[in-house]
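We did not get these values from a lab; they are worked out from the coordinates using the rules stated. Since this is a predicted model, take the numbers as computed values, not measurements. Cβ placement follows ideal geometry from the backbone for every residue including glycine, while neighbour counts extend to all protein chains displayed.
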Amino acid sequence: MKEITVYDTSGNSITDLVQWDTDVVVCIKEEEITKPCKVHFFNSESDTAYAVQGVYENGKLKAKIPNVLLWQPYTIIGYVHVEENSEGKSIYRFRINMRKKPQPTNYVYSGTKDYIEITAVLEECKAESNKSRNSAINSQSWAVGGTGTRTGEDTNNSKYYSQQSKSSANTASTKASEAAASSSAAKTSETKAKTSETNAKASETAAKASETNAASSKTAAANSASAAANSASTASTKATEASNSASTASTKATEAAGSASAAKTSETNAKTSETNAASSKTAAKTSETNAASSASTASAKATEAASSATQSKSYAKGGTGTRTNENIDNAKYYYEQSKSLAESFSGVLRPMGTVAFANLPALSAASEGDMYNISNQFTTTTDFKEGAGNVIPTGANVYKTTDGKWDVLAGTPVTGVKGNAESSYRKGNVNITPENIGAAASNHTHSAATQSANGLMSAADKTKLDGIATGANKYTHPTTAGNKHIPSGGSSGQILRWSS
């Protein structure tokens, strides 16, 4: 929730107000506020939040602070409540410090009727907290599953798709390796087939050579028989040679037949190897196709995993640009809003302990709302909102304000008393005497007044005063012309004469 500054109708920022002010209007200038909405006012001591319907004009939302809060010396807290598409939420917060002063004698209280119980605000906070929790669970569901909130969530989340993508990638790599091995085997089979074909042709040539040799041996045998008939002495020798030649021819013929059979077998093996090579080539092509398909599937799964991860991030903290209002509708936003609301109800001030005034931290080292109890009497400095020179008794509480000053907390208990004529405060059951306050003692006396000195009236003066008639005065008859009982305008020798 965003902390904002509010302004008065003249455009001046409002950080402090004085107790017993009335009909104070705050103006709010924020881009997200484009129409009238309600502002909830309360303080840390109230059990009621006042919902005031604001007026939107000239780009500003205006709302009047309830007077019931202005006569209390406590910090005023306000929330701007925006409703959109049947959904309401508090998106801005502001604070105004109250300066304590006595109630004016002519103060006339004007009540505020439009209010809601603070329990309603707490219910709203609870709803926002539940929404935050549900959003966090939803984010977990899309990220790793295991929440039991979606059907099939354990096989439809970022982690699952990431694992599937990795598995598909491994399968694609294996298939690619198998395809490469099949292609290599096909090439080897093709080479062996060509070698077998070459061997078969060599065997066929050898068979034809053996057949030719056999024919030559047969001719030689016939010539030997003829020679045997012509020469008896050499017949036996020639017969033996013929027999040997016939035996050799038979062996050669057998060898030729074997070579022909081997050639036929080699030809068959060559055709088989060629068939195997074709099958290996087809298997290699299939493996290549399967590898491409696996790679495509892996890419699709990776895309799905990336999409799921983006959606998970969107519900976790926003910032992906994939959903409308995702930056104010995610787990992180609702957590921070709930935390902020909870902190606001726990009080603005944070007790930091008791210290001597000399050990009070420098303003730069303290945070807004830090409050210290001062263990000794002290005199304020220019670091205080009330200025320097004010003597504050022992046990007073001071806190750092939003405008960076120390301030003595309103309502600090009386920790000591002293008379006007005394120089230091006293604790406990203190007896204040006339001397302590600069008054005369109860048994003192006064002198009678004289013509030259003030004093009390004497008994003789009182008797003389009582003998003077009411309305009497000290009179001396004038002796000027006209006041000697002679008519005005008279002349010498005239006398006064009575006439009936």
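Backbone phi angles across region 61-77, fed through the Karplus curve with coefficients 6.51, -1.76 and 1.60 (θ = phi - 60°), yield HN-Hα couplings of 9, 10, 8, 8, 5, x, 4, 4, 7, 6, 9, 10, x, 10, 4, 8, 10 Hz in residue order; Gly and Pro are listed as x. Here the label points at W71 and A439, each 7 Å from Cα along the C-beta direction, are separated by 3.2 nm in the simple model. Residues in region 457-465 carry Karplus couplings, in order, of 6, 7, 5, 5, 4, 5, 5, 4, 5 Hz; the curve used is 6.51 cos²θ - 1.76 cosθ + 1.60 with θ = phi - 60°, and Gly or Pro positions show x.
The ellipsoid that matches the Cα gyration tensor of region 21-65 has semi-axes, each √(5λ) in whole angstrom, of 21, 12, 8, with the longest given first. Okay, which of region 7-21 sit inside 17 Å, backbone N to the point 7 Å along the Cα-Cβ direction of Y107? 17-21, by backbone N distance to the label point. Just to be sure I understand the model, the point goes 7 Å from the Cα along the line to the Cβ. What's the resulting T322 to V55 distance in nm? Each label point is offset 7 Å from its Cα along the Cβ direction, giving 4.7 nm.
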